[in-house]
1. For the chain, take the longest principal axis of its alpha carbons; what is the angle in degrees between that and the long axis of helix 103-129, to the nearest 10 within 0 to 90?
2. Evaluated at 20 °C with a viscosity of 1.002 mPa s, what Stokes-Einstein diffusion coefficient in µm²/s does the chain have when Rh comes from the Kirkwood expression over alpha-carbon pairs?
3. Treating the angle as unsigned and between 0 and 90°, give the value, to the nearest 10°, between the Cα long axis of helix 23-33 and the longest Cα principal axis of the chain.
4. Nearest 10 degrees, 0 to 90: what angle lies between the long axis of helix 42-66 and the longest principal axis of the chain (Cα atoms)?
5. How do the peptides 114-121, 18-25, 51-58, 101-108 rank, highest first, by the average count of neighbouring beta carbon atoms within 10 Å per residue?
Amino acid sequence: MADSERLGEAITTLNKVSFAVFIPVYFAVVGYKLDLSKTFSLTMLAVFLTLACVVKLFSAGLGARLAGFNLRDASNLAIALNARGGPGIVLASVAYDARIINAEFYTTLVLVAVLTSQAAGAWLEFVLRKEWPLLSGEAVSVVAKPAPDVAAETLAA
């Protein structure tokens, strides 16, 4: 067996062990650090979740529209990009452990990561159940006007 094959096999084994053991343990530790009875604020969650989603949905949707996606495709992309997921939880954990944020905001960030991920998954499942395409492939034609030739206008004047 060549060294590269053995290395590839070792990496595959490490990936399997990581996904089976270390990642679930990490998320269990995150869940253990949460104390919803003492650090949960419905007001903070509602305000932060609303603002975070509005900003993310608007900016991702606008970016997709400017890139030439039609409205349905831009909406699907914006909703999928709104999911914070694991990276949001990791970032919240790092900020909390570094004492940048308090326990109440840590709880809010973890719940926002979970809720936005669940919402994105539910939306995409709904789209697939309706047999709508996630991305239709139909681009909106974006026509850009060429920049005026300043040198030619100066010479003509």
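Any read-out appearing in this document is the output of simple, stated calculations on the displayed coordinates, not a laboratory observation. Keep in mind that this is a model prediction, so the values were computed, not measured. Virtual Cβ from ideal backbone geometry, glycine too; neighbours counted across all protein chains shown.
1. 60 degrees
2. Stokes-Einstein gives a translational diffusion coefficient of 109 µm²/s.
3. The helix 23-33 is inclined about 80 degrees to the chain.
4. Roughly 40 degrees between the two axes.
5. Put in order of decreasing packing, that is 101-108, 114-121, 51-58, 18-25.
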